[in-house]
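Just below is one structure, and these are the notes that go with it.
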Amino acid sequence: MRIDILTLFPQMFESPLSHSILKRAQDKGLIDIVFTNIRDFATDNYKKVDDKPYGGGPGMVMMPQPVFDCFEYVEKLSPEKSKVILLTPQGRKFDQAKAVELSKESRLILIAGRYEGFDERIRIGLGAEQISIGDYVLSGGELAAMIIIDAVVRLLAGVLGDEDSPKDDSFSAGLLEYPQYTRPEVFRGMRVPDILLSGDHGKIAQWRRRQALERTKKYRPDLLKNKNTNQRQKKG
Ligand code: 4FV
């Protein structure tokens with residue numbers, strides 16, 4: 001998978017992408033991550049990429065020209081069809097289902113904004129999909145882009161070793177994950193549930209399912225509503 005990132009702060013990505021799973025995925029050639037600085041496409045001497053909002057109001061807005069020119073330059077860098085994503089609080093909320101969907105693309109182009117946001121013609125003109133990582137305002141879209149990269153790349157074949165397969169991730173079945181335990185059997189008086197020591201995989205799977213359901217009911221009942229809605233929709 002090729003991932004292009006358009007940003008005013010490419011250096012912000014250096015550290016998060018150069019450790020553990022994401023570094024290994026790049027070293028294995030499973031992903032190719034390319035950064036392009038939007039400011040390199042500013043046309044005036046001051047390398048201006050933002051301007052005052054029409055109609056007044058606080059803050060500054062990302063100008064269309066530098067983003068369009070940067071995008072059209074990046075698009076030509078590779079023949080693959082790309083999925084263009086604008087990171088913005090106005091976007092559809094990112095979730096595991098969207099991560100799975102994006103992991104099937106051959107190329108992603110992520111556009112990270114700054115200031116108060118993008119001139120609306122950027123969204124319209126680039127036919128970009130808007131994605132939000134949550135209902136809060138960040139100082140920039142870079143962290144949001146990193147979160148999407150992490151959640152998508154770990155789903156790509158060959159990225160996660162078998163030891164940590166995403167198969168029964170939280171949310172993959174629309175439920176929170178069941179409780180996990182590892183050695184020792186007793187820690188500070190707290191015992192591992194006997195069922196997990198029974199070796200009866202049928203009973204263990206049943207216990208885990210029940211635990212996942214109970215936890216979801218307790219901590220995220222909203223997920224159960226979505227789950228039932230999705231199932232009803234599937235049944236049609
Ligand atoms: C954001 C979010 C986010 C808004 C203006 C950066 C900031 C500036 N992006 N999910 N929440 N972006 O807050 O994706 O462009």
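Suppose the filter is surrounded by 19 or more Cβ atoms within 10 Å (Cβ to Cβ) and away from the ligand (no atom under 16 Å from the Cβ); does V74 pass it? So V74 fits the description; yes.
Here D168 meets each of (1) modelled with pLDDT under 90; (2) within 13 Å of the ligand (Cβ to nearest atom); (3) not small (G, A, S) with one exception, condition (2).
Please enumerate the residues belonging to region 94-112 that are among the hydrophobic types (A, V, I, L, M, F, W, C) and more than 9 Å from the ligand (Cβ to nearest atom). Answer for region 94-112, where residues must be among the hydrophobic types (A, V, I, L, M, F, W, C) and more than 9 Å from the ligand (Cβ to nearest atom): A97, A99, V100, L102, L108, I109, L110, I111.
In region 128-149, of all residues being among the aliphatic types (A, V, I, L, M), within 8 Å of the ligand (Cβ to nearest atom) and part of a loop (DSSP other than H, G, I, E, B), the one that is surrounded by the most Cβ atoms within 10 Å (Cβ to Cβ) corresponds to I133. Here is the figure for region 179-195: residues that are touching a residue at least 24 places away in the same chain (Cβ under 8 Å) and not in a loop (DSSP other than H, G, I, E, B) total 0. Within region 122-147, residues that are of a type in the set (A, V, I, L, M, F, W, C) sit with their Cβ atoms under 6 Å from residues that are surrounded by 15 or more Cβ atoms within 10 Å (Cβ to Cβ) and assigned to a loop (DSSP other than H, G, I, E, B), at 6+ positions apart or across chains, in these pairs: I131/F94; I133/F94; A144/I133; M146/P16; I147/I133. The criterion of being of a type in the set (S, T, Y) and within 25 Å of K76 (Cα to Cα) holds for S103.
Residue-wise test of (1) within 16 Å of the ligand (Cβ to nearest atom); (2) within 23 Å of the chain's Cα centre (by Cα); (3) not in a loop (DSSP other than H, G, I, E, B).
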{"residue": "M12", "(1), (2), (3)": "yes, yes, yes"}
{"residue": "S18", "(1), (2), (3)": "no, yes, no"}
{"residue": "K23", "(1), (2), (3)": "no, yes, yes"}
{"residue": "I33", "(1), (2), (3)": "no, yes, yes"}
{"residue": "K48", "(1), (2), (3)": "no, no, no"}
{"residue": "G56", "(1), (2), (3)": "no, no, no"}
{"residue": "G59", "(1), (2), (3)": "yes, no, no"}
{"residue": "Q65", "(1), (2), (3)": "no, no, yes"}
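Surrounded by 12 or more Cβ atoms within 10 Å (Cβ to Cβ), within 16 Å of the ligand (Cβ to nearest atom), in a loop (DSSP other than H, G, I, E, B) and hydroxyl-bearing (S, T, Y): does that describe Y115? Yes: the conditions hold for Y115.
The values are calculated or read from the model by the stated rules, or taken from the named source; none is laboratory data. None of the values given here were measured: they were computed from a predicted structure. Backbone-built Cβ (ideal geometry, glycine too); neighbour counts: all protein chains shown.
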